[in-house]
Amino acid sequence: MKVAIFGLGYVGAVSGACLAELGHEVVGVDVSGAKVDLINRGEAPIVEEMIAELTAQAVQLGKFRAITDAAAAVHASEISLVSVGTPTAPDGTPDLSYVDHVVAEIGAALKGRREPHIVVIRSTVPPGATEKRFAPVLEQAAGEKLGQRIHLAFNPEFLREGRSVRDFHQPPFTIIGAMSDAGFEGVKRLYDGVESETIRTDPATAESIKLLSNAWHGLKVAFANEAARILKTAGVDARKALEIFAKDTVLNISPAYLRPGFAFGGSCLPKDLRAMISIADKGQASAPIMKAAIASNEAHLDAALAAVRACGRRPVVLFGLAFKPGTDDLRESPYVALAERLIGKGYALQIVDPYVDASRLMGKNKEFIEREIPHFVELMARDAEDAVDAAEIIVYGHATGVDKGAIIERGIGKVLIDLSGDKELELCGADYRGVGW
Ligand SMILES: NC(=O)c1ccc[n+]([C@@H]2O[C@H](COP(=O)([O-])OP(=O)(O)OC[C@H]3O[C@@H](n4cnc5c(N)ncnc54)[C@H](O)[C@@H]3O)[C@@H](O)[C@H]2O)c1
């Protein structure tokens, strides 16, 4: 393909050389005449493993050149990749003005022409920016609606500086946030020869995956360092502990616990987070992440309560009381906490959880109920369907052993607040509201 790349920094310079290696004809554009001159001399404008050789080879073969003239680059290509910087503005938000400027330049260069063109945003931008901000800029500058001749997509870059050429060839996945089929197909063709799973999604989801990835990586580094500070006070070498910890790819380094739903609870997670915090406090090690995990969990409970209160209706039926499906364990259950808060706000409440059968509760569980919600016995509904019929708001946490079809059928005209993230519930006739989606 004939490719224009706007912005010859880390992303643009690596993409230019690697796409040329894949056989594309690449023209790079930068406002820096010095970077443009370097590339045209066959020299890379950045220092990275393998990039000097790749750039020299691509330029020598006539596959990669650079110019400062944006319009000429657009006219010489069928697809334009935008990889200019998005630095942090003084108020902490990303400064999108460089992307705005380039998108407007591309649009102006496309105005009045007939050739089809795909514009691809590769800079890291906040969710919604491609569709809500750059699409109108492009349409206005080009003087026509997108989706016919001109297509717009978002395609995040996952390279890591220091090993970016290898990362280009072995990305974790290729994500294409496309606004049209032609846009998707064009971006996909760009990566023919790169072995990775291609995932098509909407632009805002694609934009969010890039931000989520970097936030997650930052969180992982900070977690490991915080864990090391805490464990050091207990005389444990965290290098050894975390090496073994990371070998658990079932729960620790895996998709487990990475699905949005309701707050965590139970007899282990809150207790052991508190234990880590107490070790940190005792050893005077700072533990903001461990403390924030508890605060964030509380905030999720607040969000559920706020969602119920925002309905302006009552009474409520709550599906799920045990801390997770498939158990009768009520200790530190977030559903118990939610039930208490609802009662505290004066809501008439019925609870459906067939696993929590009052007559069979024993030991610690029985003690917990007697201490925390002694009146819960009267709140437990005998019949799930009758409870739904009597309620105006269905709060759905989990419902092991309940006929979900019956809830869905009976939900018409009611509000359903989903704490579980169960997609099937969206199909019920109720006014569906997710707690975090
Ligand atoms: N560096 C990385 O590892 C990495 C990885 C993935 C994504 N990203 C994202 O990609 C984007 C670019 O990052 P980078 O590190 O390559 O940035 P960079 O600052 O190294 O390069 C940006 C380039 O854009 C040029 N530029 C600015 N305005 C221009 C214009 N109007 N026309 C043409 N060129 C122009 C600059 O001169 C510069 O050469 C950012 O949004 C960044 O967050 C970076």
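Odds and ends about this structure:
- Exactly one residue out of T86, T68 is open to solvent by 80 Å² or more (accessible area, probe 1.4 Å), within 22 Å of V31 (Cβ to Cβ), of a type in the set (S, T, N, Q) and at pLDDT 95 or above, and it is T68.
- Which numbered condition A66 misses (of (1) touching a residue at least 60 places away in the same chain (Cβ under 8 Å); (2) farther than 19 Å from G183 by Cβ): (1)
- Yes/no for D248 being among the acidic types (D, E) and in a helix (DSSP H, G or I): no
- Restricted to region 30-56, and to residues there that are free of Cβ contacts under 8 Å to residues at least 60 places away in the same chain and under 31 Å from the mean Cα position of the chain (by Cα), the residue that is most open to solvent (accessible area, probe 1.4 Å) is V47.
- Residues of region 303-362 satisfying the condition of being assigned to a loop (DSSP other than H, G, I, E, B), open to solvent by less than 10 Å² (accessible area, probe 1.4 Å) and under 18 Å from G411 (Cα atoms): G320
- Residue in region 377-393 that is under 19 Å from A304 (Cβ atoms) and within 32 Å of the chain's Cα centre (by Cα) present: yes
- Filtered residues of region 150-164 (kept if under 25 Å from E195 (Cα atoms), buried (at least 17 other Cβ atoms within 10 Å of the Cβ) and either out of contact with any helix residue (DSSP H, G or I) (no Cβ under 8 Å at 6 or more places or on another chain) or of a type in the set (A, V, I, L, M, F, W, C) (or both)): L152, A153, F154, F158, L159
- Unmet criterion (only one of (1) farther than 16 Å from V316 by Cα; (2) at pLDDT 85 or above; (3) acidic (D, E)) for D418: (1)
For every residue, the table says whether it meets (1) surrounded by 18 or more Cβ atoms within 10 Å (Cβ to Cβ); (2) more than 15 Å from the ligand (Cβ to nearest atom); (3) not assigned by TED's automatic domain parsing to the domain that holds R113.
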| residue | (1), (2), (3) |
| --- | --- |
| G128 | no, yes, no |
| R133 | no, no, no |
| K145 | no, yes, no |
| Q148 | no, yes, no |
| R166 | no, no, no |
| S180 | no, yes, no |
| V187 | yes, yes, no |
| S196 | no, yes, no |
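- Restricting A34, A72 to residues that are out of contact with any Gly (no Cβ under 7 Å at 6 or more places or on another chain), assigned by TED's automatic domain parsing to the domain that holds N155 and under 24 Å from I121 (Cβ atoms) narrows the list to A72.
The values are calculated or read from the model by the stated rules, or taken from the named source; none is laboratory data. This one's a predicted model, so the numbers in the text were calculated from it and none came from an experiment. Here the Cβ is made from the backbone with ideal geometry for all residues, glycine too, and neighbour counts use every protein chain on show. Heavy atoms of the whole protein, side chains included, go into the accessibility calculation; ligands, DNA and RNA do not. Shrake-Rupley method; radii C 1.70, N 1.55, O 1.52, S 1.80 Å.
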